[in-house]
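The values are calculated or read from the model by the stated rules, or taken from the named source; none is laboratory data. Note that the coordinates shown come from a computational prediction; the quantities given were computed from them, not determined experimentally. In this analysis, Cβ positions are derived from the backbone assuming ideal geometry, glycine residues included, and neighbour counts consider all displayed protein chains.
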Amino acid sequence: MKPVEFTPQSNPTPDEGTASSPLDPGVPIIIAEDDPVSRALISGVVKKWGFRTIETRDGYEAMAAIRAEEGAALAILDWVMPGMDGLEVCRSVRASEKMVYIIMLSVRGGTESLVEGLEGGADDYLVKPFDKNELLARLKVGLRVLNLQTSLASRVRELEAAASEIREYKLRFPQ
């Protein structure tokens, strides 16, 4: 496995993904990376931004962590891992219909690999090595998407409750 390398750039400002951000830093970020150095680098920088991380070493651990979360989650998955790879995790998550935004990491930089990853269920794709600020930007996108999905699901429940009340009203007061 090629370790993740971060290209030094400017450090994010405090409102770019920390606890003071309008985005929810409480959403867990599950990091599935079999290379311990890469996993530590990714986790360290994500924690530095104020997010809660869950580190896993392979796809099976990643799936267990995803299943254990009761709400929405964000996952950063290495494509190539022993046992269950990142693409298999994507497919399993999509089959479960759990609300998870998935960023696939890979050393494969070609268009074919990107398309395969996205069609396999990833929401985003980053080629190693990558810039930490690009990772932060993609995390922020993922959190915005999860916030929108959560809000939409809440509105659907409200509409279903209102429709149920209307049906009850029509049964009580036939026209």
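Taking only pairs six or more apart or across chains, which ones have beta-carbon atoms under 7 Å, a first residue in the stretch 58-87 that is surrounded by fewer than 23 Cβ atoms within 10 Å (Cβ to Cβ), and a second residue that is part of a helix (DSSP H, G or I) and aromatic (Phe, Trp, Tyr)?
83/60; 84/60
Please give the number of the condition residue 39 fails out of (1) surrounded by 19 or more Cβ atoms within 10 Å (Cβ to Cβ); (2) in contact (Cβ under 8 Å) with a residue 24 or more places away in the chain.
(2)
Regarding residue 144, is this residue over 16 Å from residue 30 (Cα atoms), in contact (Cβ under 8 Å) with a residue 24 or more places away in the chain and not in a helix (DSSP H, G or I)?
Details: over 16 Å from residue 30 (Cα atoms): yes; in contact (Cβ under 8 Å) with a residue 24 or more places away in the chain: yes; not in a helix (DSSP H, G or I): no.
Against the criterion (over 16 Å from residue 30 (Cα atoms), in contact (Cβ under 8 Å) with a residue 24 or more places away in the chain and not in a helix (DSSP H, G or I)), residue 144 does not qualify.
For the stretch 108-117, does any single residue satisfy the condition of being at pLDDT below 90 and either closer than 22 Å to residue 75 by Cβ or touching a strand residue (DSSP E or B) at 6+ places or on another chain (Cβ under 8 Å) (or both)?
Looking for residues that are at pLDDT below 90 and either closer than 22 Å to residue 75 by Cβ or touching a strand residue (DSSP E or B) at 6+ places or on another chain (Cβ under 8 Å) (or both), one finds at least one in the stretch 108-117, hence yes.
Being among the acidic types (Asp, Glu), surrounded by 17 or more Cβ atoms within 10 Å (Cβ to Cβ) and more than 20 Å from residue 65 (Cα to Cα), is that true of even one residue in the stretch 113-136? Walk me through it before giving the result.
Within the stretch 113-136, the subset among the acidic types (Asp, Glu) is 116, 119, 123-124, 131, 134.
Within this subset, residues satisfying the condition of being surrounded by 17 or more Cβ atoms within 10 Å (Cβ to Cβ) are 116, 123-124.
Still in the list and also more than 20 Å from residue 65 (Cα to Cα): 116.
Yes, that holds for at least one residue.
Looking at (1) free of Cβ contacts under 8 Å to residues at least 40 places away in the same chain; (2) not in a helix (DSSP H, G or I), which one does residue 105 not meet, given that it meets all the others?
(1)
Of the residues in the stretch 42-63, how many are closer than 25 Å to residue 116 by Cβ and either out of contact with any helix residue (DSSP H, G or I) (no Cβ under 6 Å at 6 or more places or on another chain) or not in a strand (DSSP E or B) (or both)? Write out each step before concluding.
Initially, the stretch 42-63 is screened for residues closer than 25 Å to residue 116 by Cβ, giving 42, 56-63.
In the following step, the residues that additionally are either out of contact with any helix residue (DSSP H, G or I) (no Cβ under 6 Å at 6 or more places or on another chain) or not in a strand (DSSP E or B) (or both) were identified as 42, 57-63.
Result for the stretch 42-63: 8.
Exactly one of (1) modelled with pLDDT under 95; (2) touching a helix residue (DSSP H, G or I) at 6+ places or on another chain (Cβ under 6 Å); (3) within 23 Å of residue 153 (Cα to Cα); (4) not β-branched (Val, Ile, Thr) is unmet by residue 69. Its number?
Only one criterion in (1) modelled with pLDDT under 95; (2) touching a helix residue (DSSP H, G or I) at 6+ places or on another chain (Cβ under 6 Å); (3) within 23 Å of residue 153 (Cα to Cα); (4) not β-branched (Val, Ile, Thr) is unmet by residue 69, namely (2).
Here are some conditions: (1) farther than 21 Å from residue 143 by Cβ; (2) touching a residue at least 24 places away in the same chain (Cβ under 8 Å); (3) in a loop (DSSP other than H, G, I, E, B). Residue 98 meets all but one. Which one does it not meet?
(1)
Which of (1) surrounded by 10 or more Cβ atoms within 10 Å (Cβ to Cβ); (2) modelled with pLDDT of 90 or more; (3) over 23 Å from residue 29 (Cα atoms) is the odd one out, the single condition residue 170 does not satisfy?
Only one criterion is unmet by residue 170, namely (2).
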